[in-house]
Each structure stands twice: as C-alpha cells, then as structure tokens.
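Colleague: Quick one: this structure, given as structure tokens, is what I'll be asking you about.
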Amino acid sequence: MIGHQKQLNLLNNAVLAKKLSHAYLFCGPNRVGKKIAAMEWISRLFKSEIREGQAHPDFVFVKADEKTNNIKIEQIRDLIWKLSLKPAAAPLKAAVIDGSHLMTADSQNCLLKTLEEPGGRTLIILIAQNQRLLLPTIVSRCETVKFNFVPDSEISDFLKKEYSSKSGIADIDEITRLSFGRPGRAVGFISDPAEFDNWKNEIQHLACAVSGGMGERFKYVKNISEQKNIEEILEIWSFYFRSLMLQELKPNKALKPAAEAPKTFQFSRPAASQSRLAKIVGTLKKIQELDYILSATNVNEKLALESLMLEI
C-alpha cells in the first residue's frame with residue numbers, strides 16, 4: 001500500500017473501538033489506491049490475505065460487466081443473497097463493489113434496502129471515482145472515506161525500493177512525475193512501458209494542440225473523440241494544466257510538463273482581468289466538470305470536447 005495511512009488508521013481505529021459501520025464509500029480519483037486499501041483492510045479483518053478474483057466463502061467482489069461497463073441488477077441481487085448467508089470462516093461477510101458509480105439506477109435501488117437494513121454481520125465497501133454519480137440515498141447510508149493523490153515522494157520511494165534494481169526500467173523520477181499522485185498509474189507505467197510511451201505522446205499532442213490555432217485544436221479533438229479512452233485523455237489534460245499551474249505558482253521549482261510545453265502557449269480567449277493562473281485554475285475546473293458530464297449523461301463527446309477547446 002502506497003500512502004493513505006491516515007485513511008487506514010481511521011478504519012483500523014473503528015475496528016478497535018468496535019464502531020465498525022456496515023457500509024463504507026471509498027471515494028477519490030482513479031488509480032490512487034482505493035481498491036488496494038479495501039482489500040488490505042478486509043484481509044486484516046479476516047486475518048488472511050484477500051485478493052480480487054480469489055475464491056472465499058465470506059467475500060464477494062463485484063465489478064462492471066465488460067461489455068456494458070455497468071453493474072447490473074442481477075449482480076447486486078446475487079451479492080445480496082451471498083451476504084444473507086452466515087459467515088463460514090471469517091468473523092463477518094464482506095463485499096467490495098468496485099466502480100460502484102457504474103451501477104445502474106435499478107442496481108442502486110436494489111442495493112439501497114440492504115444498506116438501510118443490513119442483515120447480520122456484513123461489511124460493504126463501495127469504491128467510486130465520483131460520489132455525484134451515486135444516488136444521494138446511497139451516499140447518505142455509507143460512511144465516506146476520501147482518498148486523494150499520493151505525494152510524489154512516497155511514490156518515488158516505493159518505486160526505487162521495488163524496481164530500481166531491475167534492468168530496462170525507465171527513469172523513475174519521470175514515471176513518478178507523470179503518474180501525478182496515482183500509485184496505480186506509476187506501477188502501470190513500469191509494468192507496461194508502451195503505456196508510458198503512449199502517455200508521453202498524448203501529452204505532447206495536447207501541448208501542440210492547445211498552443212496552435214482553432215483548426216489545430218479541432219483536428220486534435222476529432223482524433224481523440226474516435227478513441228475509446230476519453231477518461232484517460234481527460235486525465236492527461238488535468239495533468240498538463242496542473243503542471244502549468246505549478247509553473248505559475250513556483251516557476252523556479254515546479255517540474256515542467258512532459259515533452260516541454262511550448263513556452264509560447266497562450267489561451268485562445270483573452271484573459272481580460274483574469275490572471276493567467278486564474279485562467280488555468282478555471283480550465284482545470286471545466287475539465288473536471290466535463291469528466292462528470294461525460295460519465296453521467298449521453299452528451300456528444302466530440303461536441304463537448306470542442307466546446308471546452310473554445311473556452312481555453
């Protein structure tokens with residue numbers, strides 16, 4: 001587990017104080033370690049190692065269907081039935097719903113009654129990137145534990161300890177920088193060098209697009225809208241503009257974005273009375289809002305991305 005000791009201490013203290021809730025919502029950015037934290041905590045409660053995909057009579061792991069990218073009501077019904085059984089080997093029944101924000105409305109409503117009236121000793125952990133995609137009634141019946149980005153120093157220390165002796169590993173400092181506080185992303189870069197190269201290329205494409213004219217920006221949007229990884233693309237956008245923000249805050253200390261963001265970069269719209277920093281912060285907020293809109297609605301992705309480009 002990389003980072004999040006505050007969250008793990010909070011959970012462990014709840015166990016020691018015998019104030020364990022029946023439902024928790026682990027909420028935070030993608031690939032920061034929410035799922036690993038859930039599995040490690042349940043392993044502690046079970047006094048045996050629990051992993052995703054591992055068969056255990058008292059543990060259930062639920063994730064989205066690969067074809068629909070949704071968690072169906074049938075999966076939740078099966079979960080509820082399994083939780084209704086008495087523990088066979090562990091002190092309680094436990095379940096992890098990974099990507100709980102991908103539950104359909106019917107799935108959430110089906111789960112709601114179990115959250116309202118849990119039977120026996122059960123523990124349900126919902127993992128979500130954005131709690132706004134869950135019904136308010138679901139959120140209100142869970143104890144929310146927020147996870148955030150992990151400091152670069154903790155990620156770097158872990159990577160150097162685990163991988164620095166292995167040959168063929170790219171520069172760990174650059175991997176740490178490009179992971180932008182997401183340990184899962186950093187480990188993924190090391191496990192799959194092609195992913196790391198693609199990430200750097202995407203940042204370079206974005207840097208060139210936003211530094212060009214509207215024609216260049218719309219051409220870029222056309223290219224990325226034909227891909228299936230819009231969520232990852234927006235993550236790259238966030239990284240790029242956060243890097244610009246850090247340059248504005250600490251120009252002599254901040255690390256520059258990968259592929260060296262062109263020094264001639266200018267916003268297409270005049271900043272007017274806004275400072276460059278305020279404009280960058282505003283752009284970051286718009287990216288986050290667009291990410292939510294694309295996740296929660298059926299809005300046309302290409303038009304939404306073009307609209308954002310017009311605002312930059």
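Colleague: With respect to the numbered conditions (1) without any contact (Cβ under 8 Å) to a residue 40 or more places away in the chain; (2) in a loop (DSSP other than H, G, I, E, B); (3) of a type in the set (D, E, K, R); (4) in contact with a strand residue (DSSP E or B) (Cβ under 7 Å, 6 or more places away or on another chain), which one is the sole condition not fulfilled by Glu52?
Modeller: (1)
Colleague: Among the numbered conditions (1) modelled with pLDDT under 85; (2) not in a loop (DSSP other than H, G, I, E, B), tell me where Ile233 comes up short.
Modeller: (1)
Colleague: Please indicate, with yes or no, whether at least one residue in region 71-91 is farther than 21 Å from Glu40 by Cα, under 20 Å from the mean Cα position of the chain (by Cα) and of a type outside the set (Gly, Ala, Ser).
Modeller: Yes, that holds for at least one residue.
Colleague: Please specify each residue of region 120-135 satisfying the condition of being within 17 Å of Leu83 (Cβ to Cβ), buried (at least 17 other Cβ atoms within 10 Å of the Cβ) and not aliphatic (A, V, I, L, M).
Modeller: Within region 120-135, Thr122 is the sole residue that qualifies.
Colleague: Can you tell me which residue is surrounded by the most Cβ atoms within 10 Å (Cβ to Cβ) among those in region 186-215 that are in a helix (DSSP H, G or I) and among the acidic types (Asp, Glu)? Step through it out loud before you land on a result.
Modeller: So the first thing to find is which residues in region 186-215 are in a helix (DSSP H, G or I), and the list is 186-191, 193-210, 214-215.
Checking which are among the acidic types (Asp, Glu) leaves us with 195, 197, 202.
Numbers: Glu195: 14, Asp197: 12, Glu202: 22.
Result: Glu202.
So that you can scan it fast, the table gives a plain yes or no per residue for (1) among the aromatic types (Phe, Trp, Tyr); (2) surrounded by fewer than 16 Cβ atoms within 10 Å (Cβ to Cβ); (3) part of a loop (DSSP other than H, G, I, E, B); (4) touching a residue at least 40 places away in the same chain (Cβ under 8 Å):
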{"site": "Pro118", "(1), (2), (3), (4)": "no, no, yes, yes"}
{"site": "Thr137", "(1), (2), (3), (4)": "no, yes, no, no"}
{"site": "Asn148", "(1), (2), (3), (4)": "no, yes, yes, yes"}
{"site": "Leu159", "(1), (2), (3), (4)": "no, no, no, no"}
{"site": "Glu162", "(1), (2), (3), (4)": "no, yes, no, no"}
{"site": "Glu174", "(1), (2), (3), (4)": "no, yes, no, yes"}
{"site": "Gly184", "(1), (2), (3), (4)": "no, no, no, yes"}
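Colleague: While we're here: Give the residues of region 15-58 that are surrounded by 15 or more Cβ atoms within 10 Å (Cβ to Cβ), of a type in the set (Asp, Glu) and closer than 19 Å to Leu79 by Cα, sorted by residue number.
Modeller: Asp58
Colleague: Where the second residue is among the small types (Gly, Ala, Ser) and the first is buried (at least 17 other Cβ atoms within 10 Å of the Cβ) and lies in region 216-238, which pairs have Cβ atoms under 6 Å and are six or more apart or on separate chains?
Modeller: Final answer for the pair search is Arg217/Ala209; Tyr220/Ala209.
Colleague: How many residues are assigned to a helix (DSSP H, G or I) and modelled with pLDDT of 85 or more if we restrict to region 295-311?
Modeller: Quick first cut of region 295-311, residues assigned to a helix (DSSP H, G or I) only: 295-296, 301-311.
This time we only want the ones that are modelled with pLDDT of 85 or more, so: 301-310.
The qualifying residues number 10.
Colleague: For a quick check of your reading of the model, give me the residue pairs whose first member lies in region 2-14 and is surrounded by 12 or more Cβ atoms within 10 Å (Cβ to Cβ), whose second is among the hydrophobic types (A, V, I, L, M, F, W, C) and assigned to a helix (DSSP H, G or I), with beta-carbon atoms closer than 7 Å and at least 6 apart or on different chains.
Modeller: Ile2/Ile155; Ile2/Phe158; His4/Ala37; Gln7/Ala37; Leu8/Ala37; Leu8/Trp41; Leu11/Trp41
Colleague: Quick test for you: out of Gly33, Gly53, Gly3, pick the one residue that is among the small types (Gly, Ala, Ser) and at pLDDT 90 or above.
Modeller: Details: Gly53 fails: at pLDDT 90 or above; Gly3 fails: at pLDDT 90 or above.
Residue meeting the stated conditions: Gly33.
Colleague: Give the residues of region 1-45 that are within 26 Å of Phe180 (Cα to Cα) and in a loop (DSSP other than H, G, I, E, B), sorted by residue number.
Modeller: Met1, Ile2, Gly3, His4, Gly28, Pro29, Asn30, Arg31, Val32, Gly33
The values are calculated or read from the model by the stated rules, or taken from the named source; none is laboratory data. All values derive from a computational prediction rather than experimental measurement. Every residue, glycine as well, gets a Cβ built from its backbone with ideal geometry; the counts of neighbours run over all protein chains shown.
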